[in-house]
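Colleague: Have a look at this one.
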Amino acid sequence: MLGVILTLAAAAALVMLACRAPGRRPYPWYGWVCLGALVGLELLLLAAHVPVVETFFTAWIWTVYIGAVDAAVYRWRGDSLLHHAAAFWGMAGLSIPAWLIFEAYNLRLRNWAYVGLPRHFWELAVGAGWAFATIFPGLFETAELIHASFAQGLRCRPWRRRAGAPWVTAGVVLLVAPLLAPARWGGYLFALVWAGFILLLEPLHREGGWPSLWADLEAGQPGRGVALLLAGGACGFFWEFWNYWARSRWEYIFPILHRWRIFAMPVPGFLGFPPFAWECFALYTLLAQLLLPPGWRADLLPGAGASAAAPARASQRP
């Protein structure tokens, strides 16, 4: 019951952010379609038990969630990710290999397992790829809404610049240590992975002039970081809420604190979702700069000094 209440609170907060002030544009038609589909999918899952919905529920529900939130971003900014198809598909495509990095770690650390998966390979491949492709867009669309509605204007005291090499070294240590530790310890060490990519990549992005939350803090503009942390928390509850009812789902098997759960997740596990969003931002930045042409890169969460009307989409930086 606590989990349902917290999930509804997160949903209510996003709705309030989407509607709390007059927008630049009306809420577009596809947003209403996705909101209706969101309700319809819930009913098909819980009441009708439609097999194709039960099996691929995570992929279906996050697809329509992305559409509904994107429409709210469009209302606020007058522009949004779905209005730039190349940037959206580039982001969705990169979401798959990025998540497979964590799946590779999980082969060693064994923090979760999947149940109720399709038996046929192609059904499994399509369903898993589709679900993984929603991770980046779901997180970043939520962060865009939070950023556009209030976080963009946040200011803080500029963070003092620090040498990046020690942080990069610390990131490497955190990422390697779980793989080298005895197997019996591995289940306790996944939190190091969540932090490791942040410490490894953020200093490199800052030095290379790529989008960096550390650079934002040095400029006294914490809005992107705040939006991502809040989006990670909100999406974490949605992930666990919708996963709990799905037939094809993940179950946690790491060896701690299973007596206190919200849905299937031990309560302390929810602390990992906010930094996970920051980590996804760092990974997306790296992969987009290395693998995507400039017109396919999404300029996520435009800087706090930018106009709210500035397009938050395909970056034209070389």
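The values are calculated or read from the model by the stated rules, or taken from the named source; none is laboratory data. From a predicted model like this one, the values you see are computed outputs, not experimental measurements. Every residue, glycine among them, receives a Cβ derived from its backbone with ideal geometry; neighbour counts consider all protein chains shown.
Colleague: Given the conditions (1) surrounded by fewer than 19 Cβ atoms within 10 Å (Cβ to Cβ); (2) touching a strand residue (DSSP E or B) at 6+ places or on another chain (Cβ under 9 Å), report the number of the one that E240 does not fulfil.
Modeller: (1)
Colleague: Check whether at least one residue in the stretch 45-61 is in contact with a helix residue (DSSP H, G or I) (Cβ under 7 Å, 6 or more places away or on another chain) and acidic (D, E), and report yes or no.
Modeller: Looking for residues that are in contact with a helix residue (DSSP H, G or I) (Cβ under 7 Å, 6 or more places away or on another chain) and acidic (D, E), one finds at least one in the stretch 45-61, hence yes.
Colleague: Do we find that V53 is assigned to a helix (DSSP H, G or I), of a type outside the set (S, T, N, Q), under 23 Å from V115 (Cα atoms) and modelled with pLDDT of 85 or more in this structure?
Modeller: For V53, the condition - assigned to a helix (DSSP H, G or I), of a type outside the set (S, T, N, Q), under 23 Å from V115 (Cα atoms) and modelled with pLDDT of 85 or more - is met.
Colleague: A further question follows. Has the stretch 304-314 got at least one residue that is out of contact with any Asp or Glu (no Cβ under 8 Å at 6 or more places or on another chain) and either under 30 Å from A48 (Cα atoms) or at pLDDT 85 or above (or both)?
Modeller: Within the stretch 304-314, not a single residue is out of contact with any Asp or Glu (no Cβ under 8 Å at 6 or more places or on another chain) and either under 30 Å from A48 (Cα atoms) or at pLDDT 85 or above (or both).
Colleague: Sort through L46, L17 and tell me the only one that's within 23 Å of the chain's Cα centre (by Cα) and either at pLDDT below 90 or not in a helix (DSSP H, G or I) (or both).
Modeller: The unique qualifying residue is L17.
Colleague: Is there a residue being modelled with pLDDT of 85 or more, among the aromatic types (F, W, Y), farther than 24 Å from F273 by Cα and out of contact with any Leu (no Cβ under 9 Å at 6 or more places or on another chain) anywhere in the stretch 69-79?
Modeller: no
Colleague: Pull up the stretch 145-175, narrow it to residues that are in contact (Cβ under 8 Å) with a residue 24 or more places away in the chain and of a type in the set (S, T, N, Q), then point me to the one that is nearest to A191 (Cα to Cα).
Modeller: Across the stretch 145-175, the extreme among qualifying residues is Q152.
Colleague: I101 passes all but one of (1) within 14 Å of the chain's Cα centre (by Cα); (2) closer than 15 Å to L283 by Cα; (3) of a type in the set (A, V, I, L, M, F, W, C); which number fails?
Modeller: I101 satisfies all of (1) within 14 Å of the chain's Cα centre (by Cα); (2) closer than 15 Å to L283 by Cα; (3) of a type in the set (A, V, I, L, M, F, W, C) except (1).
Okay, residues lined up against (1) surrounded by fewer than 18 Cβ atoms within 10 Å (Cβ to Cβ); (2) among the aliphatic types (A, V, I, L, M):
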| residue | (1), (2) |
| --- | --- |
| A68 | no, yes |
| W76 | no, no |
| A104 | yes, yes |
| A165 | yes, yes |
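Colleague: Something else now. Please count how many residues of the stretch 18-41 are in contact with a Lys or Arg (Cβ under 6 Å, 6 or more places away or on another chain) and of a type outside the set (G, A, S).
Modeller: 2
Colleague: When only residues in the stretch 28-63 that are of a type in the set (V, I, T) and surrounded by fewer than 19 Cβ atoms within 10 Å (Cβ to Cβ) count, which is farthest from W296 (Cα to Cα)?
Modeller: Restricting attention to the stretch 28-63, the residues satisfying the condition of being of a type in the set (V, I, T) are 33, 39, 50, 52-53, 55, 58, 61, 63.
Checking which are surrounded by fewer than 19 Cβ atoms within 10 Å (Cβ to Cβ) leaves us with 33, 39, 50, 52.
Values: V33: 26, V39: 32, V50: 36, V52: 32 Å.
Per the criteria, the residue is V50.
Colleague: Among (1) surrounded by fewer than 18 Cβ atoms within 10 Å (Cβ to Cβ); (2) touching a residue at least 40 places away in the same chain (Cβ under 8 Å); (3) under 23 Å from A298 (Cβ atoms), which single condition is A85 missing?
Modeller: Against the list (1) surrounded by fewer than 18 Cβ atoms within 10 Å (Cβ to Cβ); (2) touching a residue at least 40 places away in the same chain (Cβ under 8 Å); (3) under 23 Å from A298 (Cβ atoms), A85 comes up short only on (2).
Colleague: When you go through (1) in contact with an Asp or Glu (Cβ under 7 Å, 6 or more places away or on another chain); (2) over 21 Å from A131 (Cβ atoms) one by one for W76, which number turns out not to apply?
Modeller: (1)
Colleague: Looking only at helices (runs of 4 or more DSSP H) that lie completely in the stretch 189-255, which have at least 2 residues being under 25 Å from G116 (Cβ atoms) and under 19 Å from the mean Cα position of the chain (by Cα)?
Modeller: Those helices (runs of 4 or more DSSP H) span 223-245.
Colleague: Now a separate question. Considering only residues that are assigned to a loop (DSSP other than H, G, I, E, B), out of contact with any Gly (no Cβ under 7 Å at 6 or more places or on another chain) and farther than 22 Å from Y74 by Cβ, which ones fall in the stretch 281-303?
Modeller: Passing the criteria: only P293.
Colleague: Okay, next question. Tally time: how many residues in the stretch 258-278 are surrounded by 13 or more Cβ atoms within 10 Å (Cβ to Cβ) and touching a helix residue (DSSP H, G or I) at 6+ places or on another chain (Cβ under 7 Å)?
Modeller: The total comes to 13.
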